[in-house]
1. Only one of A:65, A:119, A:111 is under 16 Å from residue A:244 (Cβ atoms) and not small (Gly, Ala, Ser); which?
2. Identify the single condition in (1) touching a helix residue (DSSP H, G or I) at 6+ places or on another chain (Cβ under 6 Å); (2) more than 14 Å from chain A (Cβ to nearest Cβ); (3) assigned to a helix (DSSP H, G or I) that residue B:330 does not satisfy, given that it satisfies every other one.
3. Conditions first: (1) in a helix (DSSP H, G or I); (2) more than 22 Å from residue B:85 (Cα to Cα); (3) open to solvent by 10 Å² or more (accessible area, probe 1.4 Å). Residue B:139 passes all but one, so which condition is the exception?
4. For the range B:178-214, enumerate the residues that are among the hydrophobic types (A, V, I, L, M, F, W, C) and over 34 Å from the mean Cα position of the chain (by Cα).
5. Might you let me know whether the range B:270-277 holds any residue that is in contact (Cβ under 8 Å) with a residue 40 or more places away in the chain, more than 14 Å from chain A (Cβ to nearest Cβ), open to solvent by 50 Å² or more (accessible area, probe 1.4 Å) and assigned to a helix (DSSP H, G or I)?
6. Of these, A:191, A:184, which one is under 30 Å from residue A:74 (Cβ atoms) and in contact with a strand residue (DSSP E or B) (Cβ under 8 Å, 6 or more places away or on another chain)?
7. Any chance you could count how many residues in the range A:236-256 are open to solvent by less than 10 Å² (accessible area, probe 1.4 Å) and within 16 Å of ligand 2 (Cβ to nearest atom)?
8. Taking the range A:194-234 on its own, how many of its residues are more than 14 Å from chain B (Cβ to nearest Cβ), within 14 Å of ligand 2 (Cβ to nearest atom) and open to solvent by less than 10 Å² (accessible area, probe 1.4 Å)?
Amino acid sequence: MPQAKKRQQRLLADPLVAESLFAFKLVLTMSLIEAQDITKIYSFGDVELRALGGVSTTIEKGEFVAIMGPSGSGKSTFMNILGCLDKPTGGVYRIEGIDTKDLARDELAEVRNSKIGFVFQGFNLLSRTSAIENVELPMLYNGLAAKERHDRAREALKAVGLEQREHNHPNQLSGGQQQRVAIARALVNRAPIILADEPTGNLDTKTSEEIMNLFVRLNNESGITIILVTHEPDIAAYSRRIIRFKDGHIVNDEKK
Amino acid sequence: MINLPSTIRIAFRSLRVNKMRSALTMLGIIIGVGAVIAMIAVGSGASARIAEQISSMGSNLLIILPGTTTAGGVRMGMGSQPTLSMGDAEAILRECPAVEAVAPTHGGVAQLVAGHMNWSTGVTGTTPGFFLVRDWQLAAGRYFTDQDVKSATKVALLGQTVVDNLFGDQNPVGQSIRIKNVPFQVIGVLERKGQSPQGQDQDDAVYIPVTTAQKKLFGAQFPGMVRIILVKARSTDALNAAERQIGDLLRQRHHIGQKQDNDFTVRNLTQIMQTAEQSSKVMTLLLGAIASVSLLVGGIGIMNIMLVSVTERTREIGIRMAIGAKTWDIRLQFLIEALALSLMGGVIGIILGVSSSVVISTMSGWPTVVSPLSIVLAFGFSGVVGIFFGFYPAYKASLLNPIDALRYE
Ligand SMILES: Nc1ncnc2c1ncn2[C@@H]1O[C@H](COP(=O)(O)OP(=O)(O)O)[C@@H](O)[C@H]1O
Ligand SMILES: [Mg+2]
């Protein structure tokens with residue numbers, strides 16, 4: 001026994017072994033999303049506005065998180081940083097262990113393309129472009145063949161229950177349908193994360209419920225991590241964790 | 001990893017959405033390319049015509065006229081006194097090594113009659129050297145010979161226009177005509193030459209031996225004198241030498257002192273025509289350059305519209321960036337749009353340019369030459385214009401901040 005222990009110590013003294021063990025530990029303990037002391041400051045001349053005043057949190061794979069808080073509390077600012085659409089003024093943001101500070105413009109585009117699906121309050125579909133073409137859009141930027149793009153777009157539209165409306169343009173679809181097209185677009189690249197900033201903000205109660213049930217299903221069945229911003233407790237109730245913002249800080253974070 | 005076919009499709013779709021705007025933007029390029037092609041066609045047509053006239057005149061041609069030239073090139077009292085003689089012509093051929101052939105001429109306008117047809121035209125007496133100097137081939141019959149000149153025979157060579165007017169479709173060779181009532185035998189017909197650089201019909205002419213002209217037709221106020229001597233130099237390079245040798249020889253023969261003005265003028269016709277050809281080429285370039293300015297203006301129009309388009313579509317750019325479009329995806333989308341506008345404009349402009357050159361030449365009778373090179377150049381240039389003026393808007397679009405673009409109202 002003491003001999004085995006000695007051998008183990010010798011092994012650990014080897015820097016290469018130590019390093020790989022460390023890396024292994026890192027991967028095991030790595031969170032999907034890791035924000036450390038994130039700040040975002042907008043300055044207008046002399047006046048500074050601290051939209052985020054040091055936000056730290058981690059979100060694991062498969063979580064369903066609702067972010068709540070009063071208007072102007074920094075929820076959207078935080079979401080945009082999570083989505084690599086915006087850069088924090090200070091702090092560290094890691095996605096799958098990668099520090100986003102180290103990423104160049106096009107590498108960030110690649111992260112958005114492959115890791116994140118966005119769902120916006122205002123849908124943000126391309127007008128004059130059919131539903132299926134909107135859904136195909138993310139795949140234009142990762143080099144999938146036309147046939148594969150088409151198949152996957154149809155599959156995604158089917159997953160949100162819009163297989164009949166493939167060729168309709170956004171202005172021929174209801175708000176709920178448009179939001180479902182946006183969700184299909186967020187799904188189509190099989191991104192592990194969906195970021196939704198007030199996805200039901202423009203929808204009536206019944207449609208909101210449908211959309212939320214869709215999110216729940218995606219979270220349960222496909223293990224997609226969902227982070228959504230909402231004002232409404234009814235909507236937040238679908239999630240399993242609620243993070244509350246106030247004045248650019250997290251004031252409460254509770255899991256059910 | 002840029003998806004070119006899709007990018008092209010996206011670009012064309014957005015051009016289709018704004019049909020009117022795309023068409024108006026293209027118009028600048030259409031007019032530019034059309035103008036470049038039409039202008040170059042008109043200009044090269046003029047050059048080609050001059051070149052053709054040079055060769056119809058005969059190559060390496062000098063003309064010796066009686067009378068003097070001032071420093072400014074204005075002829076003084078040309079032809080007022082006959083100072084050139086048959087002897088001068090013979091001496092030039094004999095003593096100037098740079099000269100290949102000479103042709104003294106003496107003639108005037110005369111009435112021709114053949115059967116019941118008549119026609120009035122210039123009748124020129126000359127020597128067989130004339131046809132060598134002018135590079136003028138026979139269409140039928142034969143030239144007159146030195147023997148004909150020596151014995152002043154009454155034989156005539158007719159130009160095509162004279163044949164058309166006196167004989168119609170009949171063969172004139174062997175027929176007889178009357179010139180100023182003197183009977184002549186037609187021994188040959190000259191090939192058709194067309195217009196001279198001065199716009200005269202060179203085929204409206206009759207040639208007879210110079211001695212016959214002097215003795216039988218136009219009298220000899222001063223016997224042995226001729227109106228003009230045509231000279232063919234051995235080569236283009238020999239033109240200046242020939243001019244000098246002739247000058248020296250004639251000053252000596254005419255006993256002209258050091259300080260005296262020449263009583264003759266040597267004109268280097270080939271050089272004059274080459275200068276004309278050169279200046280018509282410069283003119284072509286100038287016209288092309290002016291037309292290129294409109295192409296440039298068309299390019300600025302494209303840039304303007306592309307900048308408007310980038311601003312209008314800021315949100316679209318934001319959406320594309322949010323879902324993963326990289327710098328060059330955005331850049332190419334707008335570049336291809338600009339390129340499509342300019343190349344489509346280029347193709348339509350080429351069609352317009354070619355058809356307007358055809359219209360110009362049928363309406364005005366000016367010859368036009370549409371060179372394939374000008375088409376290739378115009379097309380290439382419009383592509384360059386598209387890329388050049390499309391790049392800045394595309395570059396601007398690609399540098400937008402994703403979140404700012406998405407929030408743009
Ligand atoms: N681009 C911007 N420029 C300046 N101030 C901004 C910008 N975006 C957000 N803000 C400010 O930051 C604060 C947080 O905004 P936001 O994150 O949109 O709040 P929420 O989404 O919680 O309503 C607000 O005071 C807002 O006015
Ligand atoms: Mg917000």
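The values are calculated or read from the model by the stated rules, or taken from the named source; none is laboratory data. Since the structure is predicted, the reported quantities are computational estimates derived from the model, not experimental observations. So basically every Cβ, Gly included, is an ideal-geometry build from the backbone, and we count neighbours across all protein chains shown. Calculation scope for accessible area: heavy atoms of the full protein, side chains included, ligands and nucleic acids excluded. Shrake-Rupley method; radii C 1.70, N 1.55, O 1.52, S 1.80 Å.
1. Values: A:119 fails: under 16 Å from residue A:244 (Cβ atoms); A:111 fails: under 16 Å from residue A:244 (Cβ atoms).
It is A:65.
2. Status for residue B:330: all satisfied but (2).
3. For residue B:139, the failing item is (1).
4. The first filter runs over the range B:178-214 and keeps only residues among the hydrophobic types (A, V, I, L, M, F, W, C), leaving B:179, B:182, B:184, B:186-187, B:189-190, B:205-206, B:208, B:210, B:213.
Those that are among the hydrophobic types (A, V, I, L, M, F, W, C) and over 34 Å from the mean Cα position of the chain (by Cα): B:179, B:182, B:184, B:186, B:187, B:213.
5. Of the range B:270-277, the ones in contact (Cβ under 8 Å) with a residue 40 or more places away in the chain are B:270, B:273-274, B:276-277.
With the extra rule that they be more than 14 Å from chain A (Cβ to nearest Cβ), the set shrinks to B:270, B:273-274, B:276-277.
Next, only the ones that are open to solvent by 50 Å² or more (accessible area, probe 1.4 Å) stay: B:274.
From what is left, the residues that are assigned to a helix (DSSP H, G or I) are B:274.
Checked the range B:270-277: at least one residue is in contact (Cβ under 8 Å) with a residue 40 or more places away in the chain, more than 14 Å from chain A (Cβ to nearest Cβ), open to solvent by 50 Å² or more (accessible area, probe 1.4 Å) and assigned to a helix (DSSP H, G or I).
6. Numbers: A:184 fails: in contact with a strand residue (DSSP E or B) (Cβ under 8 Å, 6 or more places away or on another chain).
Within the list A:191, A:184, the selection yields A:191.
7. Count: 4.
8. Number satisfying all stated conditions: 6.
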